[in-house]
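What follows is calculated from the coordinates using simple rules that are stated; it is not laboratory data. Only a predicted model underlies this, so the values are computations on that prediction, with no experimental measurement involved. No Cβ is skipped: glycine too gets one built from the backbone with ideal geometry, and neighbour counts run over all protein chains shown.
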Amino acid sequence: AVEGRILNRDDLSNFVRSVVDFAPTITHISGGMLVGQSAAVHYNESSMWIERLADYGIPLEEATQITNDAYARINQALLRKAKLVNPSANIINVNFDEVPLHQAIEEWMTNLGIQYDPTKRITEVIQTYVGPHQLELLKQALLRRLQSDHLTSEECFKVVDLLAGNVHLRMKQMDHLRWGSMNLPKEVITGRREPTREELEQMESDYMFSLGVKLMNDVYHRLSYPNAPLAAVGFADLPGYGNAVQHESRDAGFIFVGRPGEQRFLDSIKNQLTHPARLHRGNVKEHLDFIKAYTNDTTATKKTLVSEKSALLNVTSPVTKKMMRRIAN
């Protein structure tokens, strides 16, 4: 859209800056963890987002700074939430760059006969959910952190507890984990039918489709083992507009206006992101005012409305009945 000159690149960069500044939002917090475990890990995907922000025209140094600042705020908010549930809880922040993901992914894909493309960074995310040896890779990163002397005494004890774990369990909103949201054929992945001719042709021509089917087929079989050392759990997030589940659809229940690349499209996204129903660090007061409306006593108002409706029905009912008789005749 920018290359087609529908949208000015500076406008796009400024929009992206404003969105990053919202962090943390309520779904960062609710999607990061469900309860206050005594010890947990929060994966930090900062390098991916720095790369993406640079693609959007933000200078690399600035992209690095605002991304790292956003993750710092998210980590702090996650820790505050965890300690509200469990005062002894702690969260260890582990950056993707601390884990040798690329080597693990290349080995995994080579074993499945897939050409590894390190530019398809979604594979790094998949690896941290359900990739082979992820528990061992995480433990190696935690052990290096423990040996670095850059942890507090409390964090050291929590890392020791984590190193004793025997299952890697990662949680996220359900849309991140469903094959349907990836547009992958569930029946083929689970072996209930062979691929259709169209699907075989797509696997030949579409690298990401082929990658998804082969990886998820392997994941399906490995996670079927009773003693599998890893699992991914999806959960329904907090309700959003119209009581729709957040993250159930990518528009979060809000109908965007215009087409991608147009200013009004970006404006409609920003309106959705800044709606008082969606809590983020910049609208706490507006959000509290919004939810206070649900605590108002509306009994008297309801009685008045019912009374007015009854009076109106007494006037309109005879007319309606008369019109229905005419239509019937």
- If amide H atoms are built 1.01 Å from N in the plane of the peptide, which residues on other chains or at least 5 residues away come under 5 Å of the amide H of Gly165? none
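Ranked highest first by the average count of other Cβ atoms within 10 Å around their residues, in what order do 126-137, 89-100 fall?
Ranked from most to least packed, the peptides come out as 126-137, 89-100.
Considering only DSSP beta bridges where both residues belong to the chain, give the percentage that are antiparallel (nearest 5).
Details: 2 of 14 bridges.
The antiparallel fraction comes to roughly 15 percent.
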- Task: Counting other beta carbons within 10 Å of each Cβ, put Glu124, Glu61 in order, fewest first.
- Result: Glu61, Glu124
- Here the relative contact order (percent) of region 79-238, from C-alpha pairs under 8 Å and at least 6 apart, is 26 percent
- Kindly express, to the nearest 10 degrees and within the range 0 to 90, the angle between helix 153-163's C-alpha long axis and the longest C-alpha principal axis of the chain. 80 degrees
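From the square roots a ≥ b ≥ c of the eigenvalues of the alpha-carbon gyration tensor of the chain, which class results: rounded (a/c under 1.5), prolate (a/b over b/c), or oblate? The partial results should precede the final answer.
Numbers: a/c = 1.80, a/b = 1.51, b/c = 1.19.
Prolate.
When a/c is below 1.5 the answer is rounded, else prolate if a/b is larger than b/c, else oblate, so apply that to region 185-224 with a ≥ b ≥ c taken from the square roots of the Cα gyration tensor eigenvalues.
Working: a/c = 3.64, a/b = 1.49, b/c = 2.45.
Note, shape of region 185-224 comes out oblate.
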- Message: Using the crude model of +1 on Lys and Arg Cβ and -1 on Asp and Glu Cβ, and no other charge, please compute the dipole size for the chain relative to its Cα centre, in debye to 20.
- Response: 2120 debye
- Residues Glu45, Glu262, Glu204 arranged by fewest to most Cβ contacts within 10 Å: Glu204, Glu262, Glu45
- Query: How would you rank Ser310, Ser88, going from fewest to most other Cβ atoms within 10 Å of each one's own Cβ?
  - Reply: Ser310, Ser88
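Would you work out if region 29-124 is rounded, prolate or oblate? Take a ≥ b ≥ c from the square roots of the eigenvalues of the alpha-carbon gyration tensor; rounded if a/c is under 1.5, else prolate when a/b is larger than b/c, oblate otherwise. Could the numbers behind the result be given before it?
Working: a/c = 3.12, a/b = 1.38, b/c = 2.26.
The shape class here is oblate.
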- Name the long-range amide H neighbours of Ala39: under 5 Å, sequence gap of 5 or more, or other chain; modelled H, no Pro or chain starts. Asn90
- Message: Which of Asp267, Asp11, Asp297 ends up with the largest GNM mean-square fluctuation for the chain, with Cα atoms connected below 10 Å?
- Response: Asp297
- What is the helix-to-structure angle for 46-55, meaning the angle in degrees between its Cα long axis and the longest Cα principal axis of the chain, kept from 0 to 90 and rounded to the nearest 10? 70 degrees
